[in-house]
């Protein structure tokens, strides 16, 4: 493998490219590569952290660092199919089935090195994490949700969000796509929401809606849950988290709710430091602000035990 393609790419998960040949060190953008952080020998606990639609593992590195350095976990950050590429080709052919395979490989890797395996994610990654926590028996730890896209935001009672989901499951996803370039000035995510990817997310939400209906107060979702969400999130509806809380074990559910007055946006919730444009000049405003309650969020997460 070309060493120059990997120079300076800390914690790059090279075995990941061997498993998923549509990725390679040379094809993946410098800020967007899959990451792995492992302690020597067997660890007591591991966590898989899954990024969101259009973004990359970079967004979860600060949380991953906290799990690794402060809590002693092994940490696995997969790169989802169609993401992080220098030449994304409009995300044509992006596949929910491949996203599930990406996550399951990370879970297998985690389970091989530790007895306890947890999972969590940002936005679409949170949705995939909930799905996997139900479907994959090797997830025997906790579920961590950050701005989880269990429901798309919009409208009274989420009505507009529901209509978005239905629309994106149809051919209209291609009609609505504006075919503008996906690579822009953000070094860690695509410049816009691609409708091919959004359609796969909508399919996933339909599946997780069905899974949610399997749980109730008599037969609750039994895994411990940490859910962080901003009241000013205009992408993922906070009611999706509230719905999960209703069917979870109450004493095992921690809800870190950021007030709307702080203006924390959807993806900023997971950022310890702001993200600037690749061509930014000194004094320029960030593309994505940091979460002013990041440390409080980590403390609440760690208090779960």
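For the pair residue 284 and residue 71, a Förster radius of 45 Å applied to the C-beta separation gives a FRET efficiency near 0.85, rounded to the nearest 0.05. For the stretch 232-256, the residues whose amide N sits under 19 Å from a probe point set 7 Å from the Cα of residue 216 along the beta carbon direction are 243-250. Below 8 Å between Cα atoms, with a sequence gap of 6+, how large is the relative contact order for the stretch 240-289 in percent? Contact order relative to length: 26 percent.
Volume of the convex hull of the chain (Cα atoms only), normalised per residue: 136 Å³. Under the simplified labelling scheme, the residue 302-residue 231 pair shows an inter-label distance of 2.7 nm, with each label point 7 Å from Cα along Cα→Cβ. Between residue 295 and residue 112, the modelled labels are 3.8 nm apart [label points 7 Å from Cα along Cα→Cβ]. Dividing the summed -39500 (n - 2.57) terms of all DSSP H runs of n ≥ 4 by the residue count of the chain sets its mean residue ellipticity at 222 nm at -8500 deg cm²/dmol.
Model label points for residue 44 and residue 192, set 7 angstrom from Cα along the Cα-to-Cβ axis, are 4.9 nm apart.
Bear in mind that the values in this text are calculations on the coordinates, not laboratory data. Everything numeric here is computed off the predicted structure, so don't read it as measured data. Neighbour counts run over all protein chains shown; Cβ positions are idealised from the backbone, glycine included.
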